[in-house]
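Taking it in order: structure first as structure tokens, then the write-up.
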């Protein structure tokens, strides 16, 4: 009995899931809201949309010119970055089901976090390959392919974040 109490004392407390979900909503809706705000033409609202586009295009997105257009204005990030948020959401929704925990993804949680990070970072290697190939003129990938490239990398990142967020990916108990 004392062993059970001792083990429970050292289990990390779960973090609120709503914080993780709120971050995902901001990442998903932010790039879409930016051109919508700019399209209104209202002084402060339009400026906020332009600020979001400028900040994300300058400091986050490697190829902001490869964006989808809404109302004739580019989204705040490229199709690849927005695809990554779709992949993050896919991983989060998958981790909400118990099938993933017992199925083919259950082994990932048992690995040390550094190895999980390495495995989940591998799909991001396609990003520099695609970006360099685009700017060197070797190929021109359509936006739907960038979206898929981002989604597969975002899904892998989502698996890592879900496995690292305390209490989000519960271990399977026999």
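The values are calculated or read from the model by the stated rules, or taken from the named source; none is laboratory data. Just so it is clear, the model here is predicted, and its values are computed rather than measured. Don't worry about glycine lacking a Cβ; one is built from the backbone with ideal geometry, like all the others, and counts go over all protein chains shown.
Data table
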| quantity | calculated |
| --- | --- |
| Members of the range 37-52 that are in contact with a helix residue (DSSP H, G or I) (Cβ under 7 Å, 6 or more places away or on another chain) and under 14 Å from residue 74 (Cβ atoms) | 37, 38, 49, 50, 52 |
| Some residue of the range 9-30 being touching a helix residue (DSSP H, G or I) at 6+ places or on another chain (Cβ under 9 Å), modelled with pLDDT under 90 and over 17 Å from residue 90 (Cα atoms) | yes |
| Close pairs (9 angstrom Cβ cut-off, 6 or more residues apart or separate chains): more than 22 Å from residue 24 (Cβ to Cβ) in the range 86-115, at pLDDT 85 or above anywhere | 111/119 |
| Residue list for the range 118-129, restricted to those being in contact (Cβ under 8 Å) with a residue 40 or more places away in the chain and in contact with a helix residue (DSSP H, G or I) (Cβ under 6 Å, 6 or more places away or on another chain) | 120 |
